[in-house]
Amino acid sequence: MRVADFDYELPEELIAQHPLKQRDASRLLVLDKKTGAVTHRVFAEIVDCLTPQDFLVFNDTRVIPARIMCSRHQDGTGQAEVLLLRPLEDGRWEALVRPGRKLRPGAEVFFGDGGRIRMEETTDFGGRIVSFPDMDQAATKQAIYRHGEMPLPPYIHEKLTDKERYQTVYAREEGSVAAPTAGLHFTPELLAKLKAKGVPMGFVTLHVGLGTFRPVMVENVEEHTMHAEFYRVEEELAAAINAHRARGGRVVAVGTTSVRSLESAAAPDGSLRACQGWTDIFITPGYRFKVIDALITNFHLPKSTLLMLVSALAGRERILAAYREAVQERYRFFSFGDAMFIR
């Protein structure tokens, strides 16, 4: 498969620059993955689209303020940026840095009131292993939360006034550098309505990192390498989903990160196992899903691994046709945009 096969035209003005005031007021495109039929709803109506036969699975990861604005010199001159990706066991971090050409191993950047970040090694994806030489792990975490900013995607140019709007209302496990954006549409009231209707729900954890948002830089899909991300599926959830599926119920993932967690934890016979670790699963058309049946998701960037994943579920032509209709109907795209329910 060619990466170019997953391209589409998107007017720039349809890229959502800010979240709606009311989370569940976003629009919802419902796509029948078998027929390609499309209907248009409001996200609050997702309650009407689900029944007790649908087991909803959310990703409960929480975004950390991972972007630290720095200077290359102690006098505050020379702009630099460090985007922390994930902590290592020795207290150092994997990171992306800018300007990369000037921040070679051994270089240091400065932030806050005398804080330092040192470039230690170059990674195989062009990033850096960095350290906070003056701080232990507790002090490092405190400094990140004091001086870090929410790592909004580069296509969002407006400043986010309320940091909690880049968190899901159920976020609890710290560790992501991007939000699992499909979950941003849910409100406590909407979750309460689903519970009252008898829709079963559960949580996995996948800390969103470079694997989710890294651009595809090759021409052939098969040549792309995913960056591993940490995930966890608990025993209680695995047992509940296995029992639900044994009764003929469906599994509905909320977001592509929930899909990747569940499919990474699937046994060869299709049952779900409790496990945790690092996943670099890359789901593209031709993949046979073992656990999930349906997906609530946002609209994804052209040529992205996420667009390939949803194409694996519903078919590339159906997805691209739905995206063309979404453009025609002036849906809002990407992180703060509208949603799609692939059923």
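Counting only helices (runs of 4 or more DSSP H) that sit completely within segment 132-220, those holding 1 or more residues that are surrounded by fewer than 20 Cβ atoms within 10 Å (Cβ to Cβ) and among the charged types (D, E, K, R) correspond to 137-147, 188-197. Going residue by residue through segment 331-343, is there one that turns out to be in contact with a Cys (Cβ under 9 Å, 6 or more places away or on another chain), in contact (Cβ under 8 Å) with a residue 12 or more places away in the chain, not in a helix (DSSP H, G or I) and not basic (Lys, Arg)? Within segment 331-343, one or more residues are in contact with a Cys (Cβ under 9 Å, 6 or more places away or on another chain), in contact (Cβ under 8 Å) with a residue 12 or more places away in the chain, not in a helix (DSSP H, G or I) and not basic (Lys, Arg).
In the condition set (1) of a type in the set (Phe, Trp, Tyr); (2) out of contact with any Lys or Arg (no Cβ under 8 Å at 6 or more places or on another chain); (3) at pLDDT 95 or above, residue 186 is compliant with all but (2).
Residue-by-condition table, conditions (1) part of a strand (DSSP E or B); (2) within 22 Å of the chain's Cα centre (by Cα):
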| position | (1), (2) |
| --- | --- |
| 19 | no, yes |
| 28 | yes, yes |
| 48 | no, no |
| 73 | no, no |
| 95 | yes, yes |
| 113 | no, no |
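Candidates in segment 221-254 are the residues that are out of contact with any Gly (no Cβ under 9 Å at 6 or more places or on another chain), surrounded by 17 or more Cβ atoms within 10 Å (Cβ to Cβ) and touching a residue at least 60 places away in the same chain (Cβ under 8 Å); of these, the one that is nearest to residue 178 (Cα to Cα) is 253. State the number of residues belonging to segment 38-55 that are in contact (Cβ under 8 Å) with a residue 24 or more places away in the chain and touching a Ser or Thr at 6+ places or on another chain (Cβ under 9 Å). Looking only at that region, the number is 2. When residue 328 is tested against (1) touching a Leu at 6+ places or on another chain (Cβ under 9 Å); (2) surrounded by fewer than 22 Cβ atoms within 10 Å (Cβ to Cβ), exactly one condition is not met: (1).
The values are calculated or read from the model by the stated rules, or taken from the named source; none is laboratory data. Owing to the predicted nature of the structure, the values given are computational and were not obtained by experimental measurement. Please note: Cβ atoms are built from the backbone with ideal geometry, for glycine as well, and neighbour counts cover all protein chains shown.
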